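Participant: Can you keep this structure in mind? I'll have questions shortly.
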Amino acid sequence: MRIVFTIGLILALAPGTGADDKKAEKVDPKLVVGHWKQYEPKDTSQITSEFTADGKVHSWIDDRNGTKPEKLTGAYKIEGNVITITVNFEGKPISHKSTITKLTKDEFHTEFMGTLKMRRYEPRKDEKK
């Protein structure tokens, strides 16, 4: 059950069809490249993600139970204000779309069953890969 919830959180990063796509403006896909750390909501598992320029995404889910964060790897694509994230789960690809409601050089917000807010950060050397 925890892995299903984890995948749901990861897929929530993909801006998509849950919000009003017509009102949101097109975003600059280059702005998503880099490291992001969730700051809202605070009462759920915490997500840290790296989006690369070649369309890959690496995310770590910390359910704050003292175990090592779980890593998911996949691909992403941004079209307009919609991000599609695809990860492999038990040998099968799972894709989801979310709506990007804000994307600047420092803030990344998505909307899917609630709002997920992340801030850009520079990982410590021991956090990289």
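Participant: So which of 42/92; 42/71; 37/77 end up more than 28 Å apart, counting from Cα to Cα?
Facilitator: Details: 42/92 30 Å; 42/71 19 Å; 37/77 19 Å.
Distance filter (> 28 Å) returns 42/92.
Participant: In nanometres, what is the gap between the two model label sites at residue 115 and residue 73, each 7 Å from Cα along Cα-to-Cβ?
Facilitator: 3.4
Participant: Let me ask another. Between residue 64 and residue 26, how many nm apart are label points set 7 Å from Cα along the C-beta direction?
Facilitator: That separation, rounded to one decimal, is 3.9 nm.
Participant: Counting other beta carbons within 10 Å of each Cβ, put 115, 67 in order, fewest first. Show your work: numbers first, answer last.
Facilitator: Details: 115 14, 67 9.
The most exposed by this proxy come first: 67, 115.
Values quoted throughout were computed directly from the atomic coordinates according to the rules given, and no laboratory measurement underlies them. As the structure is a computational prediction, the values presented were derived from the model and not from experiment. Positions of Cβ are generated from backbone atoms using ideal geometry, with glycine treated the same way; all protein chains shown enter the neighbour counts.
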